[in-house]
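The values are calculated or read from the model by the stated rules, or taken from the named source; none is laboratory data. Not measured: the values here are computed from a predicted model. These area figures cover heavy atoms from the full protein model, side chains too; ligands, DNA and RNA do not enter into them. Shrake-Rupley method; radii C 1.70, N 1.55, O 1.52, S 1.80 Å.
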Amino acid sequence: DTENLLRKHLFERSPELCAKPAAQVTRDELASVVSAIDATGKERTAGKVRTFIAAAYQAALTVGKNAKVPASFKGFGIQFNPARDVDYKGAGIHARERTLAPRELGLVEGHAVLPPGVSFHSLSIEA
């Protein structure tokens with residue numbers, strides 16, 4: 001389940017990283033998260049976390065051309081996808097063209113650092 005996976009392996013293990021504005025997160029920081037998960041022997045989980053993070057950044061990059069991504073995502077200032085360059089193909093994980101579903105995007109509630117004047121409620125997506 002996406003929610004449990006991100007909570008356990010990202011939000012709880014890397015609170016400092018999750019507290020940073022998304023536009024300031026680096027490829028190396030995300031690679032460290034994935035590597036730490038892999039080091040515990042959870043290769044498939046490491047790949048899933050990398051994929052979910054990459055999908056969230058990709059959704060933010062499509063603001064304006066993807067009607068399912070709210071315009072308020074533009075406030076995050078995402079200009080590139082740092083997770084895209086985290087090369088991880090462990091345990092049968094293969095990159096796909098997928099973005100997070102509206103419910104999955106909602107999982108970051110309480111963990112996202114929002115720009116001034118933007119509430120998380122304004123980021124919700126109705127499926």
Per-residue ³J(HN,Hα) for the stretch 7-14, Karplus 6.51 cos²θ - 1.76 cosθ + 1.60, θ = phi - 60°, Hz, x for Gly and Pro: 4, 6, 9, 10, 5, 7, 8, 9
Heavy-atom accessible area per residue - the stretch 26-93, 1.4 Å, Å²: 52
A correct Karplus calculation of ³J(HN,Hα) over the stretch 81-87, with 6.51 cos²θ - 1.76 cosθ + 1.60, θ = phi - 60°, whole Hz and x for Gly and Pro, returns 10, x, 6, 4, 8, 8, 7
Diffing the stretch 43-54: the Karplus 3J(HN,Hα) column from phi (6.51, -1.76, 1.60, θ = phi - 60°), in whole Hz with x for Gly and Pro, holds 4, 5, 4, 4, x, 5, 4, 4, 5, 5, 5, 4
Mean projected area (nm²) of the alpha-carbon convex hull when the stretch 7-64 is viewed from all directions: 4.0
As a quick test, which of the pairs K20/K65; K20/K68; K8/K48; K20/K48 have an alpha carbon distance above 23 angstrom in this structure? K20/K65; K20/K68
